[in-house]
Ligand code: GLN
């Protein structure tokens, strides 16, 4: 029998309904699997056995009364959470020494929504420190390995969330995406990975990086599982004034196919410097498959998209600088003891608590927002943001969905990219979507011809039409098949 982490949501729920196993079996089996396989991968920072077994007991009681169907779209399904999401009683470290002793006094709405939908909470997942990065190498607690090749990064910043699903430890995890942190690790690990439109999922209780850019979404191996997870996650939350009401059933049109849909191709993206031949070939192949399935391919221009990276590395650090000011060793965070005055306590605590990339972002944001400099960078970056948003609006007058690469290349080796600005290019195709606020997702389309590693294509939809991209993703899934667990971890193997 497949491990629970290899099953889809429907397969788990069918097994529960048929009493082939109980929810308690699912919880226990999942922790055994993590104990056996996660030593090599290092995706989980903490596991939550008691919470999961309590949740499982509630599901099993409902099954005994014949009420499984009422328990929600994630009933009995193991779910892991990126470690920037609060869950009462767990550590929420953001993979930073700054928060290594922080215990959540409350639960983030996105996490709460999965629990209300019947999920079994399995634990907290490794990430780049405060979500700054594209490789999970900046975690203060050591990197996560890519289950497809343990010498390589899983992508980032939600690398733990991606690796846990790719290794078949759990079927669903949550990540967050400010510039690409769900989609890029999704591509590196060969998963379905969705960044919904800004406002679809509440950000309350998710430690903020760039508040106007951050959005939570699921990692899964099937498109239907992603849609079911979104059904649980989406909706208005009184505690996040940017969240929107949502009465969409994200599974509703998955089987409709793409005949008659118009799908945009961005020629400038396909010619972008740094895009590897194998990724380019996969995107072209996916476009061709969609055309064969009856979609019409239309070339669209996003004339300001090439400025997205520059705008992001102004806006992102400015927002991060403001958000991270609360980690001051008094209100929150690590406190270096023994200082006579508060100034030196702040300085020492923040220096020791934050790693190099976090310090770089904080210094950049502080500089960019200072008097005289603000007008030169922050203000123009906001103007660029408006132009990029308008580009997407005009593109969507012609098409229902846009197809692009996710990342310029497949997963790289640990230490291979040492220069921060080169690392920033990992998100060259994903960042403009956070700037504009609409939804984007990564869909696996097999292995690259040169590296033999997973490649994802990105589907981008108009704001609050996330259903469009899921529909196209489901069509691609009929061609490429459901994303497999990484071979070294399939059928319960532990990747040795
Ligand atoms: N890699 C990008 C960065 O380092 C995006 C991170 C993210 O989406 N959280 O900022």
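The values are calculated or read from the model by the stated rules, or taken from the named source; none is laboratory data. In this text, all values refer to a predicted model and were calculated from it rather than measured experimentally. Ideal geometry is used to build each Cβ from the backbone, glycine not excepted, and the neighbour counts take in all protein chains shown.
Here is a check on your reading of the model: is residue 175 over 17 Å from residue 52 (Cβ atoms) and part of a loop (DSSP other than H, G, I, E, B)? Against the criterion (over 17 Å from residue 52 (Cβ atoms) and part of a loop (DSSP other than H, G, I, E, B)), residue 175 does not qualify. A search for C-beta distances below 6 Å between a residue of the range 474-486 that is under 14 Å from residue 457 (Cα atoms) and any residue that is modelled with pLDDT of 95 or more and surrounded by fewer than 23 Cβ atoms within 10 Å (Cβ to Cβ), counting only pairs 6+ apart in sequence or on different chains, returns 474/254; 475/257; 475/293; 479/289; 480/446. Taking the conditions exactly as written (more than 10 Å from residue 184 (Cα to Cα), more than 13 Å from the ligand (Cβ to nearest atom) and either in contact with a strand residue (DSSP E or B) (Cβ under 9 Å, 6 or more places away or on another chain) or without any contact (Cβ under 8 Å) to a residue 40 or more places away in the chain (or both)), does residue 400 satisfy them or not? Yes: the conditions hold for residue 400.
Within the range 112-158, the set of residues being away from the ligand (no atom under 12 Å from the Cβ), assigned to a helix (DSSP H, G or I) and in contact with a helix residue (DSSP H, G or I) (Cβ under 6 Å, 6 or more places away or on another chain) comprises 113, 114.
If you filter the range 309-348 down to residues that are in contact (Cβ under 8 Å) with a residue 40 or more places away in the chain and more than 16 Å from the ligand (Cβ to nearest atom), you find that the one that is farthest from residue 212 (Cα to Cα) is 334. Among the residues of the range 404-449, count how many are more than 13 Å from the ligand (Cβ to nearest atom), farther than 12 Å from residue 181 by Cα and outside any loop (DSSP other than H, G, I, E, B). The number of residues fulfilling the criteria is 10.
For the range 349-388, taking the residues that are within 16 Å of the ligand (Cβ to nearest atom) and outside any helix (DSSP H, G or I), the one that is surrounded by the fewest Cβ atoms within 10 Å (Cβ to Cβ) is identified as 355. Among the residues making up the range 159-208, a single one is surrounded by fewer than 24 Cβ atoms within 10 Å (Cβ to Cβ) and within 12 Å of the ligand (Cβ to nearest atom): 208. Note on the range 432-455: residues that are closer than 20 Å to residue 151 by Cβ and surrounded by 24 or more Cβ atoms within 10 Å (Cβ to Cβ) total 2.
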